[in-house]
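Here's the structure, in structure tokens; my notes come after.
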Amino acid sequence: MTPREEDFRLGAVSYLNTLPLIETLGSSIYKDVPANLIHVFNQGVLDAALLPIYDIFQLPDPEVVQHIAIAARGDVYSVILAYQGALEKVRQVSLDPSSHTSNQLVKVILAEFYSLYPHYIEEKRADGTLVEGSAKVIIGDPALHFRQQASCSILDLGGAWYHFTKLPFVFAMWCLNKKTVQREYLKKMLLTAKEEGLRLRNVIAAREPNPALALYYLTKCIHYDVGPRELEGITLFKSLLKKHALDGGAIV
């Protein structure tokens with residue numbers, strides 16, 4: 001018997017950039033911030049989850065869906081380092097509690113490309129006032145909102161990565177539960193949902209408080225394909241994590 005969409009338990013990131021990938025999949029999708037999604041996936045209660053690439057690295061033998069990603073070929077707009085003063089004088093960085101990948105990405109970028117090694121603080125909340133020499137990582141929809149009224153300097157992490165590597169950065173991919181029987185069907189379903197959702201980006205953007213910004217973001221900042229250059233970017237990020245001793249252990 002052919003499975004139905006509602007037969008699969010899916011988990012996705014609760015941000016605007018995810019909507020083109022799940023718009024046509026129905027409403028019964030577990031949504032959470034990136035840092036929490038991996039914990040639910042590891043419990044085995046999801047058939048597939050749109051996991052951050054750093055968390056996928058921590059899995060022993062991940063099975064990802066090819067040709068689908070949340071990625072950027074330049075400024076991503078929604079993954080930023082906000083800071084006061086000169087970047088080279090930043091001494092303390094507050095990490096975003098919603099993130100794993102972007103928190104590691106900022107460490108790689110500052111160490112590898114700027115030779116900066118500030119003190120990193122894991123905050124329980126992503127707010128707080130910036131003072132001279134301090135910075136904070138902000139991701140997702142909160143970063144979009146922050147940029148509209150920011151009075152500080154901003155380093156776009158997608159743009160910085162592309163500037164120095166000339167490679168796209170992949171933030172997330174669909175990862176499958178290997179105990180799910182109908183995985184091939186699920187892959188095709190997710191690919192179809194992507195194709196349909198990309199054609200609906202103007203509809204998705206029209207629902208947002210700032211439709212023009214949302215459409216620009218979904219069509220110019222985020223891209224959803226994985227090709228050879230994206231795979232090169234993934235490989236380079238993984239190697240730089242290892243170089244700077246940021247590859248970590250398994251996330252449980």
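To keep it simple, each residue is scored yes or no on (1) of a type outside the set (Ser, Thr, Tyr); (2) outside the structural domain of residue 93 (by TED's automatic domain parsing); (3) within 17 Å of residue 72 (Cα to Cα); (4) without any contact (Cβ under 8 Å) to a residue 40 or more places away in the chain.
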| site | (1), (2), (3), (4) |
| --- | --- |
| 139 | yes, no, yes, no |
| 145 | yes, no, no, yes |
| 151 | no, no, no, yes |
| 155 | yes, no, yes, no |
| 176 | yes, yes, no, no |
| 180 | no, yes, no, no |
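Highlighted here are the helices (runs of 4 or more DSSP H) found entirely within region 2-66 that include at least 1 residues which are small (Gly, Ala, Ser): 34-42.
Considering each of 10, 46, 25, 50 in turn, give the residue that is buried (at least 17 other Cβ atoms within 10 Å of the Cβ) and under 26 Å from residue 229 (Cβ atoms). Talk me through it step by step, then tell me what you get.
Details: 10 fails: under 26 Å from residue 229 (Cβ atoms); 46 fails: under 26 Å from residue 229 (Cβ atoms); 25 fails: under 26 Å from residue 229 (Cβ atoms).
After ruling out the rest, the residue left standing is 50.
Specify the residue that is surrounded by the most Cβ atoms within 10 Å (Cβ to Cβ); the eligible residues are those in region 138-171 that are modelled with pLDDT of 95 or more and among the hydroxyl-bearing types (Ser, Thr, Tyr). My answer is 162. The set of residues from region 106-124 being out of contact with any strand residue (DSSP E or B) (no Cβ under 8 Å at 6 or more places or on another chain) and over 17 Å from residue 80 (Cβ atoms) comprises 111, 112, 115, 117, 124.
Of the residues making up region 235-247, those that are surrounded by 14 or more Cβ atoms within 10 Å (Cβ to Cβ) and either in contact with a His (Cβ under 6 Å, 6 or more places away or on another chain) or of a type outside the set (A, V, I, L, M) (or both) are 237, 238, 244, 247.
The values are calculated or read from the model by the stated rules, or taken from the named source; none is laboratory data. The structure presented is a predicted model; accordingly, all values stated were derived computationally and were not measured. Methodologically, a virtual Cβ is constructed for each residue, glycine included, from the backbone with ideal geometry; neighbour enumeration extends over all protein chains shown.
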